[in-house]
1. I need every pair where a residue in the range 76-95 that is among the hydroxyl-bearing types (Ser, Thr, Tyr) has its Cβ under 7 Å from the Cβ of a residue that is surrounded by fewer than 11 Cβ atoms within 10 Å (Cβ to Cβ), sequence separation at least 6 or different chains.
2. Go through the range 53-143 and tell me which strands (runs of 3 or more DSSP E), entirely inside it, have 3 or more residues that are open to solvent by 40 Å² or more (accessible area, probe 1.4 Å) and among the aliphatic types (A, V, I, L, M).
3. Within the group GLN46, GLN53, GLN66, which residue is modelled with pLDDT of 90 or more, more than 17 Å from the chain's Cα centre (by Cα) and among the polar types (S, T, N, Q)?
4. Of the conditions (1) without any contact (Cβ under 8 Å) to a residue 24 or more places away in the chain; (2) under 19 Å from PHE139 (Cα atoms), TYR64 satisfies every one except a single condition; which number is it?
5. Taking the conditions exactly as written (of a type outside the set (Asp, Glu), under 30 Å from PRO109 (Cβ atoms) and open to solvent by 70 Å² or more (accessible area, probe 1.4 Å)), does TYR50 satisfy them or not?
6. I need the full set of residues from the range 20-35 which are loosely packed, with under 11 Cβ neighbours inside 10 Å and modelled with pLDDT of 80 or more, in order please.
Amino acid sequence: NEEQGFTLIEMLIVILVMTIVASFGFINIKPLWTTVKKHLFINQLQVDLYYAQTYAITKQTNVYVQFYERANRYMMTDNQHQHLIVDRKLPENVDMLSEGTFSSYTINPDGNVTNFGTIYFRAGEEQVKLVVNIGRGRFYVQE
């Protein structure tokens, strides 16, 4: 028999090397997953705020945007809080901080806002800042 095969030792060495190489990939997944969750939160917050502004303009009603630090959520309602537009709990890795300058504002039927200020969030180890500008309801999220 001239068949050449691998010995048990050679196979174990190959499996060991493959396990070590594969473990490096799993080590880097956790920070990547945290970053993805932070970006998903930011995108969802922006979509909700744009939706509230569009809702106020199209329905010609006031929309009340409220941030609840202790409950770690935000809500958007219209008509003196009679109709719930958005009620969103923040993801588990995102916390609202008490360092902000306001906790609620109103979007008028023309899209303008009544209050302006900053709200801070902690997403993982990073701080995220929501800034609402006075006037035309413009806002931005800064990482």
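1. Close Cβ pairs satisfying both conditions: THR77/LEU84.
2. So the answer is none; nothing clears 3.
3. Checking each option against the conditions leaves just GLN53.
4. Going through (1) without any contact (Cβ under 8 Å) to a residue 24 or more places away in the chain; (2) under 19 Å from PHE139 (Cα atoms) one by one, TYR64 breaks only (1).
5. Taking the combined requirement at face value, the residue satisfies it.
6. ILE20, VAL21, ALA22
The values are calculated or read from the model by the stated rules, or taken from the named source; none is laboratory data. On a predicted model such as this, the values are computed, not experimentally measured, just so you know. We place every Cβ from the backbone using ideal geometry, glycine too, and count neighbours over all the protein chains shown. Areas reflect the complete protein model, heavy atoms only, side chains present, ligands, DNA and RNA absent. Shrake-Rupley method; radii C 1.70, N 1.55, O 1.52, S 1.80 Å.
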